[in-house]
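**Q** One structure, as structure tokens, below. Some questions next.
The values are calculated or read from the model by the stated rules, or taken from the named source; none is laboratory data. This one's a predicted model, so the numbers in the text were calculated from it and none came from an experiment. Quick reminder, even Gly has a Cβ in these numbers, built from the backbone with ideal geometry, and neighbours come from all protein chains shown. Please note that ligands, DNA and RNA were not included when accessible areas were found on the heavy atoms of the full protein model with its side chains. Shrake-Rupley method; radii C 1.70, N 1.55, O 1.52, S 1.80 Å.
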Amino acid sequence: MASPLCIRGGRVLDPARGIDRVQDLWIADGRIAGLGEDAPADVRSHPQVEVIPVQGAVICPGLVDIHVHLREPGQEERETIETGTRAAARGGFTTVACMPNTAPPLDDRPRIEYVVRRARESGHARVFPIAAVTRGQMGETLTEIEDLIEAGAVAVSDDGKPVRNAEIMRRALELTGRLGVPVIQHAEDPDLKGDGVMHEGWTSTRLGMRGIPDVAESVMVARDALLAELTNGHVHVAHVSAARSTEIIRRAKARGIRMTAETAPHYLLLTDEAVQGYDPRAKMNPPLRSARDRDALIEAVVDGTIDCLATDHAPHTEIEKDSDFDSAPFGIVGLETALGLYVKALVEPKHLSLSELILRLTVNPCKILGLPGGTFEPGSPADVTVFDPSRRWTVRASEFASMGRNTPFEGWELPGQVLLTMVGGRVTYRPDAVPASAR
Amino acid sequence: MIGTRKDLLGLEDLSAEELVSILDTARTFREVLDRPIPKVPSLRGLTAANLFFEASTRTRLSFELAEKRLSADTVNFQTSGSSVSKGESLKDTARNIEAMGIHLVVIRHQASGAPHYLARNLDAGVINAGDGTHEHPTQGLLDIFTVRERRGKIAGLRVAIIGDIMHSRVARSNIWGLTKLGAAVTIAGPPTMMPAEVERFGVTVARSVDEAMEGADVVNILRIQLERQRGTLYPSLREYARVYGVTSERLKRAKPDVIVMHPGPMNRGVEIAQDVADGKHSVILEQVTNGVAVRMAVLYLLAGHKAQGEPPVENVPTEAKQTHGEPSLHPRR
């Protein structure tokens, strides 16, 4: 046995097993050895234990983000697997699932294998690719879904675009249902979206911007709920933004339909008013919506209608985003701000306990995609995140590991500073400047 | 009042006092236009660039004339829009303007907020000459000026605005300006062309043209451009003319001395009947003349101080500029 590691003195949160107590976390050979005295004696009595003191901090299973855009292959000017996973590590994430809207899209086996290989070579986090539902994400012909799953894909999605054709969505659900993987839907009716650039409401009216009504999302969520019921397939609704969608998902779940959902931090903290001043950093799809939508989303996260919390990390170059609002692309980065933003949006106002938040950032996303990890069960890979929920820090996009600087949260002061990220017992992020024990 | 501002991006941002100050100044310039030599040296030595990324005849001519009447030098840039990659060209345009030492930029652009982008990135004053479907502040001002000259006031007047409110920058600027000055504004048009939560502008939404016309002091008729829309908003021009066209019959419901305005160019026989366009209530050509005076006032109020003593070319470094979350009108540095 190589020297075991002891992460000492922190508050261990392992929501999968209902654990919330101050205890040492023991790691040996890249795996979780155990908590406190439950760790095997030969580990605890090893002559060369490396101790990382983290008094006052929280130790939890590595965070999992099932909605990121790593841009590789083909858009390396925006992000690479290397920089994107470095951003993940910096944000406390140990596992990410990446969307297939690369150039070319991840719609055949060699491309999935390419991402898996690149992640192994250059990744600072575990990377699970999501394959396209249709060839070229064109919405016309199904991809070879079983082959793609075999090659390492964990779900299928045409994210960035919806699967518009209900017949194709039905067949995709039938095929994936058999395999136990979800179809992740970017729910948005393209006709209702039109050429809209922001939420349709008073702000779009004032600013003279073309609006995207909330029902553009909700009609497709409703359609997909019916198709999931018909096929017994699993629909996972990406980045839910509208109150009406949460009502539909809640009812679908109550009917036993296999529908899960995620949202992203910006929908819980910002509204369409952030677009005021035509700032392209507040442009994303789906758009920031009304205060009523924001409140309904928080409620849906709390009651479990929205199962998990993602980021929709979507890096763009400064050239792309430095323009008038209309011309700028949709999307903002999220990996390096998500934890702080979620603590601010959900824990500080006491909507969720810290443990309930971690559940939605670890166990739940793992369940949705059938990923390993998300818990400190002895023997599981030592994917660990240590953060100080009360230590505040300031968002500086210029310090991001991501190549993307497009965040509307520049200058925000956030709680929850990441002190250590570890994948399989290997440190992927540890800020030198910050001592592990703050208090 | 507007002299504390660098830019004019929209009437939403102006106070009633600032609006009145522009209108009063415009009256002075309106008198200048009636002189044998209708020209003053107010902006001598300054250069204005007219950047029209979207086709325009009368607004561009009106601005150019206003600049020349104020003795400014003018340069023009016009493009059809589709040939230019919007975002990049706007940034490069801004840099070129900076390099050429231009003092005032008049911009028309198909993207709402494009003038705001320029204003954030330039020391030069920026005047919005129509941005997408957002605002057209000088058109709003000249409409209000025309009403004020005719009626002697704005407060208490009933103004009906008829047409495609959603896509109309003229409507937005008129609504902001008129309501700030105390007019009661009623709007009418196809429900498909009413933007979301439009009543929050502080206007009354009428269910028909007839209803909007009732007791109106002013009727402002918007140009309908079905060809520029997605095709799902209204069935046809014929149907539009039948349901929303302003005819002399419909005009009878307004006050006997109602004035009829249109920002031009008119679709005669569609949104406005021939006899209404040329009839005794029409002040449409007056609007055009007043437009020059109003634009002179805006140019003068934004840049007049630069012609009197400040160096002709500013050397303020651009790096320090804030680019996030600024209000759409910026105090002069």
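**Q** Of these, A:R281, A:R289, which one is in contact with a strand residue (DSSP E or B) (Cβ under 9 Å, 6 or more places away or on another chain) and crowded, with 24+ Cβ neighbours inside 10 Å?
**A** A:R289
**Q** Determine which member of the set B:R238, B:R242, B:R250, B:R223 is open to solvent by 40 Å² or more (accessible area, probe 1.4 Å), in contact (Cβ under 8 Å) with a residue 40 or more places away in the chain and part of a helix (DSSP H, G or I).
**A** On the way: B:R238 fails: in contact (Cβ under 8 Å) with a residue 40 or more places away in the chain; B:R242 fails: in contact (Cβ under 8 Å) with a residue 40 or more places away in the chain; B:R223 fails: part of a helix (DSSP H, G or I).
Every option except B:R250 fails the conditions.
**Q** Name the helices (runs of 4 or more DSSP H) wholly inside segment B:84-177 in which the number of residues that are of a type in the set (A, V, I, L, M, F, W, C) and at pLDDT 95 or above is 3 or more.
**A** B:137-151
**Q** If you don't mind, another one. Sort out which residues of segment B:277-301 are assigned to a helix (DSSP H, G or I), out of contact with any His (no Cβ under 9 Å at 6 or more places or on another chain) and farther than 15 Å from B:V147 by Cα, and write them in order of number.
**A** B:V292, B:R295, B:M296, B:A297, B:V298, B:L299, B:Y300, B:L301
**Q** Follow-up. Right, A:A125: closer than 17 Å to A:P315 by Cβ, of a type in the set (G, A, S) and either open to solvent by less than 50 Å² (accessible area, probe 1.4 Å) or over 16 Å from the mean Cα position of the chain (by Cα) (or both) or not?
**A** So A:A125 passes the test.
**Q** Out of segment A:168-201, which residues are within 10 Å of chain B (Cβ to nearest Cβ), surrounded by 19 or more Cβ atoms within 10 Å (Cβ to Cβ) and either without any contact (Cβ under 8 Å) to a residue 12 or more places away in the chain or of a type outside the set (A, V, I, L, M, F, W, C) (or both)?
**A** Selection gives A:H199, A:E200, A:G201.
**Q** Please state which one of A:A131, A:A97 is of a type outside the set (K, R), in contact with a Ser or Thr (Cβ under 8 Å, 6 or more places away or on another chain) and crowded, with 19+ Cβ neighbours inside 10 Å.
**A** None of the others qualify; the one that does is A:A131.
**Q** Would you please name the residue that is farthest from the other protein chains (Cβ to nearest Cβ), looking only at residues in segment B:183-207 that are open to solvent by 40 Å² or more (accessible area, probe 1.4 Å) and either touching a Cys at 6+ places or on another chain (Cβ under 9 Å) or part of a loop (DSSP other than H, G, I, E, B) (or both)?
**A** B:R207
**Q** If you don't mind, there's one more thing I want to ask. In segment A:337-381, which residues are within 26 Å of A:V235 (Cβ to Cβ) and either touching a Lys or Arg at 6+ places or on another chain (Cβ under 6 Å) or surrounded by fewer than 16 Cβ atoms within 10 Å (Cβ to Cβ) (or both)?
**A** The answer is A:H351, A:K367, A:G370, A:P372.
**Q** What are the residues in segment A:402-413 that are more than 13 Å from chain B (Cβ to nearest Cβ), over 15 Å from A:D322 (Cα atoms) and either aromatic (F, W, Y) or buried (at least 19 other Cβ atoms within 10 Å of the Cβ) (or both), if any? Can you show your working first?
**A** Let us first name the residues in segment A:402-413 that are more than 13 Å from chain B (Cβ to nearest Cβ), namely A:402-404, A:413.
Remaining after also requiring over 15 Å from A:D322 (Cα atoms): A:402, A:413.
Of everything in segment A:402-413, just one residue is more than 13 Å from chain B (Cβ to nearest Cβ), over 15 Å from A:D322 (Cα atoms) and either aromatic (F, W, Y) or buried (at least 19 other Cβ atoms within 10 Å of the Cβ) (or both), namely A:S402.
**Q** Looking at A:E37 and the list (1) exposed (fewer than 14 other Cβ atoms within 10 Å of the Cβ); (2) in contact (Cβ under 8 Å) with a residue 12 or more places away in the chain; (3) charged (D, E, K, R), which single condition is not satisfied?
**A** Evaluating A:E37 over (1) exposed (fewer than 14 other Cβ atoms within 10 Å of the Cβ); (2) in contact (Cβ under 8 Å) with a residue 12 or more places away in the chain; (3) charged (D, E, K, R) leaves (2) as the failure.
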